[in-house]
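In what follows, a single structure is set out as structure tokens and then discussed.
The values are calculated or read from the model by the stated rules, or taken from the named source; none is laboratory data. Note that the coordinates shown come from a computational prediction; the quantities given were computed from them, not determined experimentally. Neighbour counts are summed over all protein chains in view; Cβ atoms, including those assigned to glycine, are modelled from backbone coordinates with ideal geometry.
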Amino acid sequence: MNAFLDWLHFSLDAGEQGGRRSILRFASPGDYRQFLKALQAKKRRSDKWHPVRPLALIRGISCPAPPEEIPRRWVDKIRLEADGAIRIHALSRGSSALDEGIPWGVRHIQAPEAWNKTTGYNIRVGVIDTGIDFMHPDLQHSIERGINLIYRTVPPHDDNGHGTHIAGTIAAANRLQGMIGVAPRASIHPVKAFDYNGTAYVSDIILGLDWCVRNRMNVVNMSFGMQTRSTSLLQAVVNANHAGVIVVASSGNDGRISEIDYPARYGQTLAVGATNEQGRVAAFTNRSGQIDIYAPGDKIVSAWMGGKYREMSGTSMATSHVSGAIALLLAHKPGLTPDQVKEIVKRSAVPLRGTKAPRSAGELNVMRMLREADRAF
């Protein structure tokens, strides 16, 4: 272990100078425990080791180090990959006034018709995003404890707006004076992993998933993506799935026909594409046979920083509708597994409109979803 620590010490210098980060995963639980013990001792003696962050969910670490070869004796014991950048999935940002209490997307998926049966009560939704506006009047009854992964000593305040918009669609609850989301009695747990530019490292997402698993989230909303496959992120998603957490991810906004972004491309997520008010696939959405469900994502008005509202488009917005719908489903039928939820969501979907529309997945519909759950389980 000392030889490995010496190599890592040298790599920290090179990584800091080049502004690059890496993720290292240990094959052996024993090696990982031994490393963590040695790391704690190093951190007590030197500030140089403080940027090394344990990633317990994948038995790994993140650190400023270039993705170069590991010492030969460790090549079978440690896997190394670049800690890449990942971005939120949103397009237009037009200022907007709220024209009615229930946005079109919430109505379109028939969420209001379900509220006499389920409102998402007691369901915990982790929103890994840019944080949340704690003072927004439509969200104050929905926000629960979260975490800021960028500045650990500061609450996860939103300095971008995207996370607040996502949270509003999922669980806003101010029908008389503001807006109401898909699951107005669900609990939002903000996990701030993205900076004010809407950018994060893959390791930040892994830390966010780790927090969501340890704090027993039922659903995790991941409205972001990248085109590069990360084995470390896949392992984190797989482990979250095995822990019973339903991970909902957006497909991306590049208009690609045959492929979608990661992490939506992983089979253990529920991959979401976007539709418009006519129930047609939005032009911007990435689409392929890997998409599990489509949902409203075009011209969506939701909460914004400073107690305001904003219209945005993107598969991010579609994903938040699906996360809210799953909160309604889980409150109605507690104990469903991630695989069962995916099956219900897909089997209850409404066929998409348009002669060229994909036939491999349909559009989200809450009432059909609840009926399918009652029938099958």
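Below are the figures for this structure:
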{"quantity": "Residue match in region 282-297 (condition: within 18 Å of the chain's Cα centre (by Cα) and charged (D, E, K, R))", "calculated": "yes"}
{"quantity": "Flag if Ala283 is in the same structural domain as Trp211 (by TED's automatic domain parsing), among the aliphatic types (A, V, I, L, M) and touching a strand residue (DSSP E or B) at 6+ places or on another chain (Cβ under 8 Å)", "calculated": "no"}
{"quantity": "Any hit, region 141-158, residues being out of contact with any strand residue (DSSP E or B) (no Cβ under 6 Å at 6 or more places or on another chain), part of a strand (DSSP E or B), crowded, with 23+ Cβ neighbours inside 10 Å and not small (Gly, Ala, Ser)", "calculated": "no"}
{"quantity": "Search result, residues across region 195-241 that are polar (S, T, N, Q) and buried (at least 18 other Cβ atoms within 10 Å of the Cβ)", "calculated": "Ser203, Asn218, Asn221, Ser223, Ser230, Ser232, Gln235, Asn239, Asn241"}
